[in-house]
Each structure stands twice: as structure tokens, then as C-alpha cells.
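The values are calculated or read from the model by the stated rules, or taken from the named source; none is laboratory data. Just so you know, these numbers come straight off a predicted model, no measurement behind them. Neighbour counts run over all protein chains shown; Cβ positions are idealised from the backbone, glycine included.
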Ligand code: PGA
């Protein structure tokens, strides 16, 4: 059985106190929820990771990073390394979010290096990818997704996939209120599993959790999560309110 995951990407939101408060509220809200085979993840900003890890202690909430640099150290002003994250108890990192790709020029090549570092350090990646609106309109969405996966991930070995979570996030659905239909999500997730099977094998493809991201809300979560190849969600805006995030967790 594949692991289900509901992950909240807080982006550039929540200061130290707000982060702690949100985690405490969430802790309380899901205390009695049966999370069978389900992981609950939140991704605060770098400066609030350590205090968030502390706040999430003895709970079902995992705290992960939104990004990391591929180098272990060196002249990379403003960056954070894998070891620095591990030292404060962070074992998982989101890589390749479309906002990183668009606003910070993260390339497939840099992401491939980040993935390598994550695996070398024994960490886990939530690897994000997805097509732009123009790609979908020109019916290039499958080709774009395939090339993002190939260039960013397909250099890893079959055994490494146990440390990879995928997040398909059509860029046109992120923060826009627009969602891929459950059918569109399922179609793409099945396609993704298919190319992984082709490149590796059925075991790898069947095992990897593929999350959907892009305007998931309590109102649409259940339908999206009901699709056989959708194993959870990467949630932006709706992860900032405990009621909404809990609603999404309950929909899985
Ligand atoms: P959204 O963001 O839920 O606000 O659309 C999703 C994401 O960026 O992961």
C-alpha cells in the first residue's frame, strides 16, 4: 500500500510565533484523527524550522524545508545546506517548486544535483514539477512533465526511490483558485507512474507516492484524493488555516 501524504507548503508566510501557534493548533486538531498510513507534513520558512521542529515534537506532524542548496558548504550567500537542515532535525526537503523554478531560475540541472545531495545525505525529497498553462493549451503537458522528471530525477537508481515523493503541480493551478479536474490529475498521475515503470520497473512505480498540488481545498480534496493514482496533496494557501488544512487531512 502506498503512503498517503498531506503536506502544507507555507511559502513566505508565518513568523516564528505564528508558525508555532499553527503547529500547536494543528497538533490539537489531529490528535484523535486516525492517520492510518498517512503522513502530515508542514514546510515553514528556513528561519522558523528549528522552532517548528520543537513545536511539533511528540506529534504526528513532520516539519520539512522548502528548499536547500546542493553544495555542502562554500561561497553561496543566502543558501542553506543539507547538513544544516539535518542538524536541526529536518530530514525532508521540497525541491523544484514552480515558484523556485520561475522566480529563482532553478533549472533541471541544478535540481538533479540537489536530488543527488539529498540522497547522499540520506534525506528525502518532495520533488515538484508541472506544466505551464501554455504547455497544456498546446498539448505539450505530457512532454514537459516527462522531461522535468527525466532531467531532474532519472539519474537516480531504483533503490533511491524510497526517498522520493513526487508532487505534480500544474503551474496554472497554483495560487489561482483553479484546480485540475480530478480526471486531469488522475490522467497525469497515471502517465507519471507509467514513465517511471518504463524507466525503472513496476515495483518502483507502484511504490512512489504522487501528490497533487494546485488550489486543493477542503471542498475539492475528497474528489481529487479518491483517484487511484493520487496519493495526497501539496497544499499552499489552504495550509495556512488550521480548519482548512484539517479538512483536507480528513478528506484523505
Ligand atoms: P496553492 O499552492 O494550494 O495555494 O495553489 C500549491 C503549492 O504551491 O504547492
Restricting the stretch 213-241 to residues that are part of a helix (DSSP H, G or I) and in contact with a strand residue (DSSP E or B) (Cβ under 6 Å, 6 or more places away or on another chain), the one nearest to the ligand (Cβ to nearest atom) turns out to be 239
Regarding residue 106, is this residue more than 21 Å from residue 210 (Cα to Cα), within 16 Å of the ligand (Cβ to nearest atom) and assigned to a loop (DSSP other than H, G, I, E, B)? yes
In the set 115, 90, the lone residue that is crowded, with 20+ Cβ neighbours inside 10 Å, part of a loop (DSSP other than H, G, I, E, B) and either in contact (Cβ under 8 Å) with a residue 24 or more places away in the chain or more than 14 Å from the chain's Cα centre (by Cα) (or both) is 90
Test: residue in the stretch 70-83 that is surrounded by 18 or more Cβ atoms within 10 Å (Cβ to Cβ) and touching a strand residue (DSSP E or B) at 6+ places or on another chain (Cβ under 7 Å) = no
Taking the stretch 179-198 and keeping only residues that are in contact with a helix residue (DSSP H, G or I) (Cβ under 6 Å, 6 or more places away or on another chain) and within 16 Å of the ligand (Cβ to nearest atom), one is left with 179, 180, 182, 185
By residue number, the members of the stretch 41-58 that are closer than 20 Å to residue 211 by Cβ and out of contact with any strand residue (DSSP E or B) (no Cβ under 6 Å at 6 or more places or on another chain) are 44
The correct count of residues that are out of contact with any strand residue (DSSP E or B) (no Cβ under 7 Å at 6 or more places or on another chain) and either within 16 Å of the ligand (Cβ to nearest atom) or on the phi > 0 side of the Ramachandran plot (or both) in the stretch 2-19 is 4
Every listed condition ((1) under 14 Å from the mean Cα position of the chain (by Cα); (2) within 16 Å of the ligand (Cβ to nearest atom)) holds for residue 22 save (1)
Considering residues that are over 20 Å from residue 166 (Cα atoms), more than 15 Å from the ligand (Cβ to nearest atom) and part of a loop (DSSP other than H, G, I, E, B), the number found within the stretch 37-57 is 1
_Kindly evaluate residue 67 against the criterion of being outside any loop (DSSP other than H, G, I, E, B), closer than 17 Å to residue 11 by Cβ and modelled with pLDDT of 95 or more._
no
